[in-house]
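Only one structure is covered here, and it is reproduced in the block below.
The values are calculated or read from the model by the stated rules, or taken from the named source; none is laboratory data. Owing to the predicted nature of the structure, the values given are computational and were not obtained by experimental measurement. Here the Cβ is made from the backbone with ideal geometry for all residues, glycine too, and neighbour counts use every protein chain on show. We work out accessible area using only protein heavy atoms, side chains counted, and drop any ligands, DNA or RNA first. Shrake-Rupley method; radii C 1.70, N 1.55, O 1.52, S 1.80 Å.
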Amino acid sequence: AGAAAGAGALVGVAGGVGAERAGAIPGAPARPDDAGVNGGRVVPFYGPRQAAVTARPGAFASFVALDLARGVGRERLAAWMKLITDDAARLTQGLPALADVEPELAATPAGLTITVGFGGGFVERARGERPTWLRPLPAFSIDRLEEAWSDGDVLFIVTADEPGTVAHALRMLLKDSRAFATLRWRQDGFRRAYGSDPSGRTMRNLFGQVDGSANPRPGAPDFDAAVIAGDEAPAWLRGGTSFVLRRIAMDLDGWDQVDRVGRENAVGRTLDTGAPLTGGNERDPLDLDAKGANGLPVISSVAHARRAHVADPALRIVRFGYNYEEPPAPGSTALSSTGLLFGAWQADVDRQFVPLQRALDEADLLNVWTTPIGSAVFAIPPGCARGGYLGEALLGV
Ligand code: HEM
């Protein structure tokens, strides 16, 4: 009933939603102040891309997958997406969602982004067909997948520099989803907290590695070539992308046994700056032909960065990783359950992600200490303009 009331109200307000105004919150600064306070920072909601694809990743993220309720057809999927779009348009601008009973929690967006993805089940329900890659990935020998972290019909990615903001936004989205779907899984992750590092520095994962150095950067020509779905994609996805989320457990107790030389060889980069072992700075290319005094390659033939390197910019992926760190499973002797929420954007999963994951499955030193335990694939529709809604080209009649 709440969702229906929201949908009714939506019609009346669709034109007046939060807007791209920076600093929509009275009294809150639009940019970090001299002390670095950034609670008022807003990321535009409307635009050709959904925010998480191109915005600076917030310090905290929740990835949530839902399963569609039985009998929810295309029209109701569209009503749901209108509701979610309205929530996202408001909350990301620091404004309460409709019927928000904790409106004060909305007033600190702290760079909030809300991004929506569609699993194969959603697209089938809407269209009766799906892109061939929109299904579970093929099995890899390294996988130890658990259903608790895998698959799903709809994905919400909520990021911000303030965890209370993420919690509130997610609760609003889930309340407005009750009539349409049930929660399947939720995975929370973090990067460096806002203000702890100069902005723009590459994050570190919990192995202590600089992680993300070789990523194409939004705005660079190679980014769009790798990420944005073009004419070969179904019309409803053009301008959008796809997202693979792998939950990868990291064996910190095993990693503890490895010395620094071994750790650096496992990736092919130094631990202090993340620079290639062949020299230069973090962002310099790896010299994969360089040989050491012993005649062997400086970057091992099974080093992670070599095995993961893809020469053709159009076939690369863009990584979007978050650390997770949770209590150990009951009965486990490990000190923690630690890993990486390994997210990847790419225009086409089968052309880009699958061959790369296959290469790493065949040989990669990091496999000794890492185990994929969750896996899910989603289509990420393009962003929308004011008055439109996410998924409109898929769901619109
Ligand atoms: C817990 C698991 C993983 C860890 C700890 C990890 C860590 C790293 C590190 C430290 C680097 C070097 C710095 C950088 O360029 O970011 C790197 C590079 C890379 N990784 Fe991973 N990674 C993991 C899993 C994966 C997976 C599953 C894939 C893809 C299926 C992947 C794809 C890549 C790519 C494409 C690069 C850049 C290679 C290049 O230099 O061109 N990684 N990773």
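Taken together, P26, P96 contain a single residue that is over 30 Å from T202 (Cβ atoms), surrounded by 13 or more Cβ atoms within 10 Å (Cβ to Cβ) and either at pLDDT 95 or above or not basic (K, R) (or both), which is P96. Within the bounds of the range 253-265, is there any residue that is at pLDDT 95 or above, in a loop (DSSP other than H, G, I, E, B) and near the ligand (Cβ under 10 Å from one of its atoms)? Among the residues of the range 253-265, not one is at pLDDT 95 or above, in a loop (DSSP other than H, G, I, E, B) and near the ligand (Cβ under 10 Å from one of its atoms), which makes the answer no.
Between R125, R135, the distinction of being out of contact with any Leu (no Cβ under 9 Å at 6 or more places or on another chain) and basic (K, R) belongs to R135 only. Here the range 349-376 is the region considered, the condition is being open to solvent by 30 Å² or more (accessible area, probe 1.4 Å) and out of contact with any Phe, Trp or Tyr (no Cβ under 6 Å at 6 or more places or on another chain), and the residue that is nearest to V227 (Cα to Cα) is R351. Taking the conditions (1) free of Cβ contacts under 8 Å to residues at least 12 places away in the same chain; (2) assigned to a helix (DSSP H, G or I) in turn, G71 satisfies each one other than (2). Considering only residues that are open to solvent by 20 Å² or more (accessible area, probe 1.4 Å) and modelled with pLDDT of 95 or more, which ones fall in the range 177-193? Hits for the range 177-193 are R178, A179, T182, L183, R184, R186, D188, F190, R191. Annotation note: of A61, A110, the sole residue that is part of a loop (DSSP other than H, G, I, E, B) and buried (at least 24 other Cβ atoms within 10 Å of the Cβ) is A110.
Only one of the numbered conditions (1) within 16 Å of the ligand (Cβ to nearest atom); (2) in contact with a helix residue (DSSP H, G or I) (Cβ under 7 Å, 6 or more places away or on another chain); (3) open to solvent by less than 10 Å² (accessible area, probe 1.4 Å) is violated by R217, and that is (3). No other residue among A225, A235, A181, A229 is more than 10 Å from the ligand (Cβ to nearest atom), more than 30 Å from G36 (Cα to Cα) and touching a Lys or Arg at 6+ places or on another chain (Cβ under 6 Å) apart from A229. Scanning the range 349-392 for residues that are within 17 Å of A88 (Cβ to Cβ) and part of a helix (DSSP H, G or I) turns up just one, E392.
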